[in-house]
Amino acid sequence: MAVPKRKSSKQKIRSRKGSHQHPVVDAKPCPECGSPQQSHRVCSSCGYYKGRQVLTIDAD
C-alpha cells in the first residue's frame, strides 16, 4: 500500500481542493410573484410551488 514520504503542505492541499467548489445556483423569477426563487423550492415570498399554494405567508 502506498504511503506518502512527506506531509502535504497546506498550500498543496488547498490548491488541490480549490477546484472542488460547488457551482452557484442561479435564481429564476417566480411565475406567481416574480421574486427570485431557486428551482425546485417553494417561493419564500408567496408560498407557491408548481402552480399551487403550499405555504401560507403572513404579510407584515
The long-range amide H neighbours of Cys30, using H built 1.01 Å from N in the peptide plane and a cut-off of under 5 Å, are Ser35, Gln37
Extension length gain for Gln11 and Ser44 (0.36 nm per residue less Cα distance), in nm, is 7.9 nm
Expected sort for His22, His40 with the fewest Cβ neighbours (10 Å cutoff) up front is His22, His40
In whole Hz, the Karplus estimates of ³J(HN,Hα) for the range 40-55 (6.51, -1.76, 1.60; θ = phi - 60°; x where Gly or Pro) are 6, 10, 6, 5, 6, 8, 10, x, 8, 8, 6, x, 10, 7, 9, 10
Distribution output for the chain: share of Cα-Cα pairs per 5 Å bin in percent, first bin at 0, values 4, 15, 16, 12, 8, 6, 6, 7, 8, 8, 6, 5, 1
Residue-normalised 222 nm signal for the chain, counting each DSSP H run of n ≥ 4 as -39,500 (n - 2.57), nearest 500 deg cm²/dmol, is -3500 deg cm²/dmol
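Read the figures in this text as sums done on the coordinates, not as results from a lab. All figures in this text were calculated on a predicted structure; none of them were measured in a lab. Counting neighbours? That spans all protein chains shown, and the Cβs are built from the backbone with ideal geometry, glycine included.
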